[in-house]
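The structure under discussion appears below in the form of structure tokens.
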Amino acid sequence: MTEKQIMTDVLIVGAGTAGLTAAVYAARAGKSVKLVEQYLQGGQIINASHVENFPGFESIAGFEFAEALYNQAIKMGAEIVYDKVTGLQDYGSHKGVQTEYGGELLAKAVILATGARVRPLGLENEDRFIGSGVSYCATCDGAFFKDKNVAVVGGGNTALDDALVLSFTSKKVYLIHRSDTFSGEKRLLEKLQEHDNVVFILDSEVTAINGSERLESLGIRNKVSGEEQTLDVDAVFIAIGHVPDNKAFASLVELDAYGYIKTDENCATSCPGIYAAGDGRVKKVRQLTTAAADGTEAALAACDYIDLL
Amino acid sequence: MAVVHITNETFEKEVMQAEGKVLVDFWASWCGPCRMLGPVIDQLGSELTDVKVCKIDVDANQDLAAKYKVETIPTLVVFEGGKEVKRSVGVQPKPAILAMLK
């Protein structure tokens, strides 16, 4: 048998909170577990400066949480493969997971824990200036812009958290938001309003990312007055939400109009033996706790499914 | 080969004067993605036989970070014969890092 033909009990696509929790549960149930992760283990939470709403932890850095969960899964016996999943096949008694570099991986059950990725503004120069003034992670890159003027785009928890982190080190923080109300937590907003160096630019959108070699300024348009301005900044941190990443599975499992995977309450998809867990499935709340809960549900459902094969 | 931790003092000998390709990971302990990239860099360090894998802590070695204009971490730089030949900014998947080293 070649390596790719060895059958794994539970193959988990995505090593974020949902996937890693599923790995812990499936491994503890005595199943062999393989995680396939296209970027880094840990998922979105590694970008959160502090997590203050996970039961049992008053405050923990996002990456520390992720690191501990990853170590826990590996210690339980889960294996991680860094590869990109490009397709999924149902062979009845088992599933085939196609990867970009490692061929086809076989498994008795598959858990799709692909989560969601950051949504770009979709403007010219955005890609080109990543690492040269454009960033999606204030916790990671904020310190490089100490005593500089920076902007944050968005109105949710991530944007408010980013602005708060930056307000401690940057000279001025412009918070650009398309509305005049915030979807982020009130507590975060209040903390932010106590900082004199935070300037709120509301009802406004970014229309241009300008610069020759690196980001130099942003074009801003007020949606109410139509007024346009150019804002000189050294960095822009974009935090306008996420989009799912499930195209590779669309032929096998049912998705909703936005690309999220449809499941029942036990995380089972429309295809027997394939489960979905975390932010990538249709659900109302997308939090760390719900990702962990989904991972638990999906892993135990997958174990039950395998036991009855 | 295990991952080699580089400082301002050892950079010249370990990286510039090294034979073959050297992969340098500019990182810091406060940077979540850098720390999460750690297991990938460690995996590469133990799997690659023809590339030297190194890490530079940008906090402890600010001169090197400034000299190589590292603004965002993690930044990965490939050196060969004392010259920078490739660079990537931000988190890279393992296959992309392997592609940089080809």
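The values are calculated or read from the model by the stated rules, or taken from the named source; none is laboratory data. What you are looking at is a predicted structure, and each value in this text was computed from that prediction instead of being measured. Please note: Cβ atoms are built from the backbone with ideal geometry, for glycine as well, and neighbour counts cover all protein chains shown. Protein only, heavy atoms only, side chains kept; ligands, DNA and RNA dropped before computing areas. Shrake-Rupley method; radii C 1.70, N 1.55, O 1.52, S 1.80 Å.
Among A:Gly30, A:Gly14, A:Gly96, which is the only one that is closer than 26 Å to A:Pro272 by Cα, within 14 Å of another protein chain (Cβ to nearest Cβ) and modelled with pLDDT of 95 or more?
When all the criteria are applied, what remains is A:Gly14.
Is it fair to say A:Val24 is in contact with a helix residue (DSSP H, G or I) (Cβ under 8 Å, 6 or more places away or on another chain) and either within 12 Å of another protein chain (Cβ to nearest Cβ) or in contact (Cβ under 8 Å) with a residue 24 or more places away in the chain (or both)? When the stated conditions are applied, A:Val24 passes them. A:Glu64 falls short on exactly one of the conditions (1) assigned to a loop (DSSP other than H, G, I, E, B); (2) within 14 Å of chain B (Cβ to nearest Cβ); (3) among the charged types (D, E, K, R), and that condition is (1). Within the range A:244-281, the residues that satisfy the criterion of being surrounded by 13 or more Cβ atoms within 10 Å (Cβ to Cβ) and closer than 30 Å to A:Ser204 by Cα are A:Pro244, A:Asp245, A:Gly259, A:Tyr260, A:Asp279, A:Gly280. Can you find a residue in the range A:280-298 that is within 27 Å of A:Gly122 (Cβ to Cβ), in contact (Cβ under 8 Å) with a residue 12 or more places away in the chain, touching a Lys or Arg at 6+ places or on another chain (Cβ under 8 Å) and of a type outside the set (Gly, Ala, Ser)? There is at least one residue in the range A:280-298 that is within 27 Å of A:Gly122 (Cβ to Cβ), in contact (Cβ under 8 Å) with a residue 12 or more places away in the chain, touching a Lys or Arg at 6+ places or on another chain (Cβ under 8 Å) and of a type outside the set (Gly, Ala, Ser). Residue count for the range B:65-91, restricted to those that are open to solvent by less than 40 Å² (accessible area, probe 1.4 Å) and either within 14 Å of another protein chain (Cβ to nearest Cβ) or within 12 Å of the chain's Cα centre (by Cα) (or both): 13.
So that you can scan it fast, the table gives a plain yes or no per residue for (1) free of Cβ contacts under 8 Å to residues at least 24 places away in the same chain; (2) more than 19 Å from the chain's Cα centre (by Cα):
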residue: A:Ile46; (1), (2): yes, no
residue: A:Glu67; (1), (2): no, no
residue: A:Glu79; (1), (2): no, yes
residue: A:Asp83; (1), (2): no, no
residue: A:Gly103; (1), (2): no, yes
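Against the definition (more than 19 Å from A:Tyr101 (Cβ to Cβ), open to solvent by 10 Å² or more (accessible area, probe 1.4 Å) and away from chain A (no Cβ under 13 Å)), how does B:Asp50 come out, yes or no? For B:Asp50, the condition - more than 19 Å from A:Tyr101 (Cβ to Cβ), open to solvent by 10 Å² or more (accessible area, probe 1.4 Å) and away from chain A (no Cβ under 13 Å) - is not met.
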